[in-house]
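I have placed the structure first, in the form of structure tokens, so that the comments after it can refer back to it.
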Amino acid sequence: MGNDKRQPHFTELVWESTEQNVAIPPRSSSEEVKEKPISSNKIKSVPESTVQLQLWDLEADVKEPVTTTEGEFVKRAKELVHHKETTALFIPFKSYWPTYGHMTGTQYRWYFYWRDEVRQGRFHKTDLSYIFLHVYELINGVGWEEPPDGYRQLCDLWEAYREQYKRLDQYLGNWIADFSLVHHLDVRLTQMVERSRGLAGDLAELELMRCFSFSPEELSFAGLTVMSDYDISKSKFYIGEGKEAVERYIPQVVALIDAFVTRKHGMNLVQMFPPSDPVLRERYLFRSAVYDISLYGYSILVPVVRISKSPPLRSLITRLFRLTENKLRELMGYRGRLKGINVDAEMDELITRYLQREFRKLEQEQKGPAVVIDQEKLQQLQADSDIVRTLLMVEDTSDSEDSTIISEMADVITEVESLEEEERSHNRVTGFVSVTETVWEQFSLALSPLHREAILLLSQEGGLLSIQKLSAASGTMPELLFNEINELAMDILGDLLIDGEEISEEYVPMLHYLMR
């Protein structure tokens, strides 16, 4: 990087302060930089009259605007935002803080060919420095019109190249989180935190608070482990055969209990067990990136709620971890149980019923249909058989050719009857037994208005989204509604009405009974 190697790089210097939009000194300055000592006091808002921290002494009579490497980079990036190359050869490129001036002519052509391909969703193999250069453009506001589009492009780059370059996880998780914070995007932070530095720190707390407050169905297993005093990673069941089931069902159980509590008490878990007040935390933006701080400031103050430190909520999550593991041990035939688990009886019963239903559904999916019936062929044969039966009733069929035809048609009847019997047998085996009108009317009467509305919404296009809105408005969640409906269906119809997140296909024609 030329003379830059002998000078401190601005974005690598960490300054503990509450000032934002700090003035940037020229790189040519030779003054020694002294780091401001860290204050142990609680962060306070900075008065408007506070003078910005000056990292280098600037002469009072300087009238020309201060220019920086980062500022020049952004200016050049805006000039080249629409530049593209139609074709180019890949040329290796290695640079610690890559900018346009570090590339040769052939590297320059490859970059703009590759960038255009990436914008169209084609991620060719390339060097890490090219990727970082494009990331620098995006975090500095170049290459997108609306912040959600910039966020999407950053995530796509990360997803496309993280397997090839593990170093991306060290940077992009935090940079994308910074991007979402400065642009006030309501996005999930779990994946970013898990991939970058593990679920710990302020980002983890922000994500946990978001999920418990608004989207409990988005809670992750890794995130919830931060809130549990039970170290499940040491469990023999988890280490062995139960790992997949534990990681799949524990977040679902916590979301289920949150919905249950909301429905019963009119408040969710985080409202029942409120954590301490938020604390303002200073977060330095886009550290170690080529980033112009005149865009969004040097740092931002983020209110962080330490939800993982709430004793009553931690206690409940710990017990749900242990209880869910016990239920899974029982369902999977694992010997031995965890002792001393004390939870509400209603919660225990709800979790038991939910997991039993999920395992029953999973078993059905794994078994698959016993017989596959070609419905189109069956309908055609049924139509042909009606004609054959009519012809067989004709008395004068002495012509040998006609006799042959009728004999062949008789075989068709036999095949139809065989297929019909096969389908009836299939229905008996899989439990898809037709039920009478009386039974369906009985089922309809057993449903609550909320259940009935949920079923009818689910049978329509885009039904799942409508169910989510209905559940939120009713203080419950889709999984809980589906569980309640299926319990009634099993008792009255003898089968599950809802398979996964949709109405079982064979029961769709019967839904008109629910509209009466």
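Exactly one of (1) surrounded by 12 or more Cβ atoms within 10 Å (Cβ to Cβ); (2) modelled with pLDDT of 95 or more; (3) of a type outside the set (A, V, I, L, M, F, W, C) is unmet by residue 79. Its number?
Every condition holds for residue 79 apart from (1).
Search the stretch 198-227 for residues being in contact with a helix residue (DSSP H, G or I) (Cβ under 7 Å, 6 or more places away or on another chain) and in a loop (DSSP other than H, G, I, E, B), and hand back the single one that is modelled with the lowest pLDDT.
For the stretch 198-227, the residue satisfying everything is 199.
Of all residues in the stretch 333-347, which are of a type outside the set (A, V, I, L, M), in a loop (DSSP other than H, G, I, E, B) and either over 19 Å from residue 312 (Cβ atoms) or within 31 Å of the chain's Cα centre (by Cα) (or both)?
333, 334, 335, 336, 337, 339, 344
Filter the stretch 114-156 down to residues that are among the basic types (Lys, Arg) and within 19 Å of residue 76 (Cβ to Cβ), then give me how many there are.
Just the residues of the stretch 114-156 that are among the basic types (Lys, Arg), to begin with: 115, 119, 122, 125, 152.
Next, only the ones that are within 19 Å of residue 76 (Cβ to Cβ) stay: 115, 119.
The total comes to 2.
Scan the stretch 148-160 residue by residue and report those that are among the aromatic types (Phe, Trp, Tyr) and either open to solvent by 20 Å² or more (accessible area, probe 1.4 Å) or within 17 Å of residue 290 (Cβ to Cβ) (or both).
Kept after step one, since they are among the aromatic types (Phe, Trp, Tyr), are these residues of the stretch 148-160: 151, 158.
The answer is 151, and nothing else.
Would you check which residues across the stretch 242-263 are farther than 22 Å from residue 359 by Cβ and in contact (Cβ under 8 Å) with a residue 60 or more places away in the chain and list them?
Passing the criteria: 262, 263.
For residue 204, work out the one condition from (1) over 20 Å from residue 354 (Cα atoms); (2) open to solvent by 50 Å² or more (accessible area, probe 1.4 Å); (3) within 16 Å of the chain's Cα centre (by Cα); (4) not acidic (Asp, Glu) it doesn't fulfil.
Status for residue 204: all satisfied but (2).
For the stretch 274-315, give me the residue count where each residue is closer than 14 Å to residue 182 by Cα and either surrounded by 20 or more Cβ atoms within 10 Å (Cβ to Cβ) or in contact with a Lys or Arg (Cβ under 9 Å, 6 or more places away or on another chain) (or both).
Summing the residues that are closer than 14 Å to residue 182 by Cα and either surrounded by 20 or more Cβ atoms within 10 Å (Cβ to Cβ) or in contact with a Lys or Arg (Cβ under 9 Å, 6 or more places away or on another chain) (or both) in the stretch 274-315 gives 12.
Just a yes or no: is a residue in the stretch 358-365 closer than 18 Å to residue 245 by Cβ, at pLDDT below 90 and among the aromatic types (Phe, Trp, Tyr)?
yes
Looking at the stretch 495-515, can you tell me whether even one residue there is open to solvent by 70 Å² or more (accessible area, probe 1.4 Å), free of Cβ contacts under 8 Å to residues at least 40 places away in the same chain and under 26 Å from residue 265 (Cβ atoms)?
No, that holds for no residue.
Out of 244, 145, 163, I need the residue that is of a type in the set (Asp, Glu), assigned to a helix (DSSP H, G or I), more than 17 Å from the chain's Cα centre (by Cα) and surrounded by fewer than 14 Cβ atoms within 10 Å (Cβ to Cβ). Which one? Even if it seems obvious, please write down each step before you answer.
Numbers: 145 fails: assigned to a helix (DSSP H, G or I); 163 fails: assigned to a helix (DSSP H, G or I).
Step by step, each of 244, 145, 163 is checked, and only 244 is of a type in the set (Asp, Glu), assigned to a helix (DSSP H, G or I), more than 17 Å from the chain's Cα centre (by Cα) and surrounded by fewer than 14 Cβ atoms within 10 Å (Cβ to Cβ).
Considering only the stretch 111-142, state which residues are under 25 Å from the mean Cα position of the chain (by Cα) and open to solvent by 20 Å² or more (accessible area, probe 1.4 Å).
119, 120, 121, 122, 123
With the requirement that a residue be over 19 Å from residue 259 (Cα atoms) and loosely packed, with under 14 Cβ neighbours inside 10 Å, what does the stretch 331-353 give you? Before you say what the answer is, go through the steps one by one.
Of the stretch 331-353, the ones over 19 Å from residue 259 (Cα atoms) are 331-342.
Matches in the stretch 331-353: 332, 333, 335, 336, 337, 339, 340, 342.
Cβ-Cβ below 9 Å, separation at least six or inter-chain, first residue in the stretch 162-183 and farther than 24 Å from residue 302 by Cβ, second exposed (fewer than 15 other Cβ atoms within 10 Å of the Cβ): which pairs?
As it stands, the answer is 164/125, since those pairs meet every condition given.
For the stretch 247-273, which positions are of a type in the set (Ser, Thr, Tyr) and open to solvent by 30 Å² or more (accessible area, probe 1.4 Å)?
262
Go through the stretch 88-107 and count every residue that is under 17 Å from residue 75 (Cβ atoms) and of a type in the set (Phe, Trp, Tyr).
2
Restricted to the stretch 221-236, and to residues that are open to solvent by 20 Å² or more (accessible area, probe 1.4 Å) and of a type outside the set (A, V, I, L, M), which residue is farthest from residue 248 (Cα to Cα)?
Filtering first and then ranking leaves 229.
The values are calculated or read from the model by the stated rules, or taken from the named source; none is laboratory data. This one's a predicted model, so the numbers in the text were calculated from it and none came from an experiment. Neighbour counts are summed over all protein chains in view; Cβ atoms, including those assigned to glycine, are modelled from backbone coordinates with ideal geometry. Ligands, DNA and RNA are excluded from the accessible area calculation, which covers all protein heavy atoms including side chains. Shrake-Rupley method; radii C 1.70, N 1.55, O 1.52, S 1.80 Å.
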